[in-house]
Every structure is written in structure tokens, then in C-alpha cells.
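The values are calculated or read from the model by the stated rules, or taken from the named source; none is laboratory data. As the structure is a computational prediction, the values presented were derived from the model and not from experiment. FYI the Cβ positions are ideal-geometry reconstructions off the backbone, even for glycines, and counts take in every protein chain you see.
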Amino acid sequence: MLDRSEIDTQEMKEKDRRYLWHSMSPYSEHDRPMIVASAQGAWITDSEGNRYLDAMSGLWCVNVGYGRQELAEAAYNQLSTLPYYPLTQSHLPAIELAEKLNEWLGDDYVIFFSNSGSEANEVAFKIARQYQQQIGAHSRFKFISRYRAYHGSSLGALSATGQAQRKYKYEPLTSGFLHVSPPDSYRRPEGMSAEAFNRQCADEIERTIVWEGAESVAGVIMEPVITGGGVIVPEPSYLTRVEEICRKHGVLLILDEVICGFGRSGQRFGHHNFGVKPDIVTMAKGLTSGYLPLSATAVRKEIYDAFKDPEQYGHLRHVNTFGGNPAACALALANLAVMEREGLVERSRVLGERLRAEFDELLAHSLVGDIRSFGFLLGVELVADKATKEPASADVVKRIIGACKRAGLIIGKNGDTVAGFNNVLTFSPPLSCTDEDVDFIVRTFKQVMAEVAG
Ligand code: PMP
């Protein structure tokens, strides 16, 4: 193993430049990658020994924090016993994890394992389409999702995504994906209550179903709260109205819990905050806290049962080689055991409330238009003008993120460059943060904002 003190950073940066193609990085930034060498708790250390508090948990996923030996050991032990077998047959870690996920979901679901959030959503689309066929609704193939939402990078999941910036270079995408307005209450029409605006947004889904012809629509997919698209938190009644519309029109409700799941929302799953019962739930990220790739598509038992008809050869025509890898499942079980033992779901709620209370002071800042949060997940919407709500320029956003990094704090930025919204700073720290970690986030961000104000 490479000892950090022995890393020649310049040489590694040269090799990085030469051999590695990074995700989502413009080439100017690509020329200056940070090489992360180790991590512990909420803190990462780069190859030059600089420490940063990772307030984005990597890509919203390291929920239990870095450096958990028991997760590494669970994977090691499983690799030593049975490193691999496909889930065309079965193995113990997958069975145990599927049972544990039912406990976490608090309802009766059957679990299909894959490797990434994108794949979990692809599986959901295929199951939804085939399910509709199995029950005789042969013409239902369309899906409805929201603008600004992110559902993944593969072509189907990207088609469901509502961010032009990620899509327009790769079109034409998969047909049959429609988009409606997100319940972005900050930008609601003047004089309208947030409640009425959310109702209007939910009703847009019903209008779309009716105009398209309900008999052509297979499902609606949404996150409980839009995370990567700018932390857009609906009114509590929004999701129940969406559920009602789906039931009325025979459309499946698919909830993407890839970020909202596993405690991030202050409940075990994001939808537990809203009292709805989704037909399909997709999950990834926090399932293993990012330590190994694993994702899951949880499907209501009644839907699974529709695939049992032997006359129609009704089995699911989907397989993946690595999904439900035994070591990844064993690690996920260890990860959930840590969350339960340390009460991290409850901690997420407590830390989230604290972060929110501290950040609310920033509403007085000239650049801060809105602050939104959901559990231990928070977005700060930056504006150039509070009256017109014109988004802050990319330059201002970049300056704040850069200043935070220089002060030892990694934060995120989300939205949609093409649509002109790329102005929401995001915070999604490990749920295992100490009180001092949260103090550091608050202190550092406030200092940076005070400097940028000038
Ligand atoms: N859904 C949501 C809500 C996500 O945030 C992401 C990833 N950021 C995905 C799906 C796709 O997950 P992955 O990158 O693991 O494919």
C-alpha cells in the first residue's frame, strides 16, 4: 500500500493528467486535480497532507463517515468465504440484506440488486413497463418526472433527468419520458401560497397523464426532495397528492431514494417524512456509504407477484453480473448495523436542525436568496438580486466554493447551467459528524460569506 508520506504529488498529478478521465470536470480544473490519499470521520486528507472537512460526503454518500474498519472487515471476511456468485442463484448476504431492507422500509418489498443508482432506476423502468404488460395494460410505457431532477447517467435514467445541461450533448435519448414543473416554492408566482403552488405542480402531473392518455403512462418517478437539482423541498401535502393521482390513473409511483435514503432525511427513508407508500423504491449511495458499489430496486410484493404467471413466461428479462455482490451486501449490512447502533438517523435529524438554525442567520446576507433543508441536507440559493431572484453569477458561486476549499471545507454546487440555475450551494455531510465538525462547517462558511459580501 502507498504511504502518503511517500507520494510524489507532482509525479502523480502528471500521471493523473495523462491517464485519467474525470467525471464532470472541465479541462481547466482537470489540470489541477486533488489527489485524496486518506480519510477519517468527516475529514479527507490530500496527497500533500492538507485536510478538508468533506461536507458533501463524497457524492452525497459516505453517511457513516470514512475509516470504518468494521465495514472493511465485513467485506474482507465475505471475500474470504465467498467472493462472488451471481444472483441467478442466491447467497446469504443478499438474503439477509433484502430482509434488513424490508425492515428499514417498514413494508413488504422484494429487492432486486444492481451496482449504481442509475442502474437501480433502469431496473425500475423495466419492471414498471413489464408489470403494466403483465396485468394487461399493454400500452403503458411512458414515465413522468420533474425538470431539475437528476436520476442518473445511463440513457434511460438520463431521459428521466430534467437537467438540460447533462442531456443535450447526448440526444436523442430514450423516448417516452415526459417532464413537469418542480414544486420550487421560492420561485412561485407572487401572491400564491406555497401550499397552493405545490398543489398546482402536483396537478400538472395529472393534467399530463390525462393529455397523454392515462392508458399510455406506466409510472411517475421522483425523489422525495429534489437534491442534486437544487434542494427543492415540497410542501408535506405534495407527495400525498402525487400518490393519489398515481393511484387514480393506474400509474406506478417510483421514488428515487438514492440520496434521500438511509438517514439523510432524518428518517430512514425520505418518503417516511410524507406518509406515502411507493410502488417502487430505488436506492444506492448510503446503502454502503460508498465503500463498495451496490444499489437496490425495492418493489411492492403485489407487483412482484404479477411476474409469476408461468403461462406468459412472465419473468423479468434483466440480469447483471455484479449486482448484489456478496462482499458489497455484507458491507451494506455492517453499514446499516453502524447506523442502528449509533442512532445516525436520529443524529441526522438533530444535526440537520442545528445546521439549519445556524444557517438561517445568513438569510440577511445580500447574496442569499433562500435556504432549504431536509434532514442533514441543506441548500443555499445564491442570487444576484433578492428582489428579482436573478441567480448569482457562476463566478460568484465559484469564488465561494474556492474560498471554502482554501479554508478547509468542501461544499457542493448544484442546479442546471443550461437553464441558468447553477446557483445552489449544497451541504450533505456525513451523518456521523461530531458537534465540532458542524461548528467548523458553520464557522467556516459564515467567514467565507462575510468576506465575499464585501
Ligand atoms: N438518482 C439520484 C437522485 C442521484 O443523486 C444519483 C447520483 N447522484 C443517481 C440517481 C445515480 O446514481 P449513480 O451515480 O450511482 O448511478
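Per-structure values
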read-out	value
Segment 367-392 - residue that is of a type outside the set (D, E, K, R) and more than 25 Å from the chain's Cα centre (by Cα) and, of those, nearest to T45 (Cα to Cα)	L367
Of all residues making up segment 281-305, the number that are under 20 Å from Q130 (Cβ atoms) and either surrounded by 24 or more Cβ atoms within 10 Å (Cβ to Cβ) or under 13 Å from the mean Cα position of the chain (by Cα) (or both)	7
Of all residues making up segment 214-250, the number that are touching a residue at least 60 places away in the same chain (Cβ under 8 Å) and more than 16 Å from the ligand (Cβ to nearest atom)	5
Scan of segment 155-174 for residues that are closer than 18 Å to T297 by Cβ, within 15 Å of the chain's Cα centre (by Cα) and either β-branched (V, I, T) or not in a helix (DSSP H, G or I) (or both), ordered by number	T161
Check on Q132, assigned to a helix (DSSP H, G or I), more than 12 Å from the ligand (Cβ to nearest atom) and assigned by TED's automatic domain parsing to the domain that holds I209	yes
Filter pass, I209 being closer than 20 Å to K126 by Cα, assigned by TED's automatic domain parsing to the domain that holds V276, touching a Cys at 6+ places or on another chain (Cβ under 9 Å) and modelled with pLDDT of 95 or more	yes
Test: S139 is within 16 Å of the ligand (Cβ to nearest atom) and closer than 30 Å to G314 by Cβ	no
Residue within segment 402-421 that is acidic (D, E) and farther than 21 Å from G162 by Cβ present	no
Matching strands (runs of 3 or more DSSP E) fully within segment 265-381 where at least 2 residues are not β-branched (V, I, T)	295-300, 368-373
